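I have placed the structure first, in the form of structure tokens, so that the comments after it can refer back to it.
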Amino acid sequence: MSVLRSRENPRVRHWQRLVRDARARRSERRALIEGAHLVAAYLEQVGRPQALLVSEDGSRRGEIELLTRRAAIEPVLLSNSLFRSIADTEAPTGIAAEIELRDSGHRLEDSPCCVFLDGIQDSGNVGTILRSAAAFGVRDVVLAKGCADPWSPKALRAGMGGHFALSLTETEDLLAAIERFGGKAICTVARGGTPVHDLNLSGRLGWIFGSEGQGVSEALVARATHCATIPMAGGTESLNVAVTAAICLYEARRQLSRGGVPS
């Protein structure tokens, strides 16, 4: 197999754009995932990628050889230096994949549980919320304009494969998406809401999580069926939004296992 070495190659430039440019990801409906864990998760939950990239050193690793066989696609072999020019990590493991960002075809009206993200700008927080959403059985996540790109390398790493179990939608009008969902809409507030463990979290739930600094917008708070607060010890101002999301989604899952009964 020949080794690709030129940085001027059109495919190499394409992959570099997918890593570095959110606009390219959105317009082309493609992303690049990097690392053995993410590639394995994609193969397990979605299937064959559009392209598989392997570095010279990576091609000698047993784990990557197995992933290449599972992918059932001829890999593109890159020189180590060329692979590093594409990779977003400082010490790349030697495998990446180009994937298609497909529309799931899910209707929000039919979703049993949805997460709505309002202005969350940190990619790590977005990815961690997606990881928790997938872990606790959420099917749909809707991100408002102003949120970090969920398909950025940092968000993908934080998501640890959770992206591939979810339907992700970006919207200009989060309020309209919540109206279309139509179930209970529960927003989280730092103080003054109902303790989350006292809420009845049965039925179709739409969780609204707000930005790290400003929280949920006033319009969305006004639309919410309930405002939820996580009780904390004195002297603690607030929780990180990704931690808040994990606690709330866990509580909903816990109640579901008990027949929808609050504590």
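Computed from the coordinates by the stated procedures, all read-outs in this text should not be read as laboratory data. Values in this document were obtained by computation on a predicted structure and should not be read as measured data. Neighbour counts run over all protein chains shown; Cβ positions are idealised from the backbone, glycine included.
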Margin query: One quarter of the convex hull surface, Cα atoms only: what value does that give for region 131-215 in nm²?
Written below: 6.3 nm²
Check: At a Förster distance of 51 Å, what's the computed FRET efficiency of R102 paired with A233, Cβ-Cβ distance as r, to 0.05?
Finding: 0.70
Notebook entry, point to check: Name the residues of region 1-37 whose amide N is less than 17 Å from a point 7 angstrom out from the Cα of S81 along the C-beta direction?
Noted result: 3-9, 12-13
Notebook entry, point to check: Taking the Cα-to-Cβ direction at R204 and at T225 and moving 7 Å from each Cα, how far apart do the two end points lie in nm?
Noted result: 0.9 nm
Notebook entry, point to check: Which value, in debye to the nearest 20, gives the size of the charge dipole of the chain about its Cα centre, when Lys and Arg are +1 and Asp and Glu are -1 at the Cβ?
Noted result: 440 debye
Notebook entry, point to check: Taking the chain as the region of interest, what is the percent of Cα-Cα pairs per 5 angstrom bin, listed from the shortest bin to the one with the maximum distance?
Noted result: 1, 6, 13, 16, 17, 13, 10, 9, 7, 5, 3, 1, 0
Notebook entry, point to check: Residues with amide H under 5 Å of F116's amide H, sequence separation 5 or more or different chain, H placed in the peptide plane at 1.01 Å from N; which?
Noted result: V142, W207, I208, F209
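Sorted by average packing, counted as other Cβ atoms within 10 angstrom per residue and highest first, what order do 77-83, 199-205 take? Before the final figure, lay out each step's value.
Numbers: 77-83: 19.3, 199-205: 17.7.
Most protected by this proxy first, the peptides run 77-83, 199-205.
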Margin query: Whole-Hz ³J(HN,Hα) for each residue in region 105-121, computed from phi via Karplus 6.51 cos²θ - 1.76 cosθ + 1.60 with θ = phi - 60°, x for glycine and proline: what do you get?
Written below: x, 5, 9, 4, 4, 9, 6, x, 7, 9, 10, 10, 10, 10, x, 7, 9
Checklist line | Distance between modelled label sites at Y250 and T89, nm, 7 Å Cα→Cβ extension | finding: 2.6 nm
Checklist line | For G119, net neighbour charge (Lys/Arg +1, Asp/Glu -1) across residues whose Cβ lies under 10 Å away | finding: -1
Next item on the list: Measure off 7 Å from each Cα along the Cα-to-Cβ vector at R5 and E74, then give the distance between these two points in nanometres to one decimal.
Entry: 2.1 nm
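Any idea what the relative contact order of the chain is, in percent, if you count C-alpha pairs under 8 Å spaced at least 6 apart?
This gives 18 percent for the chain.
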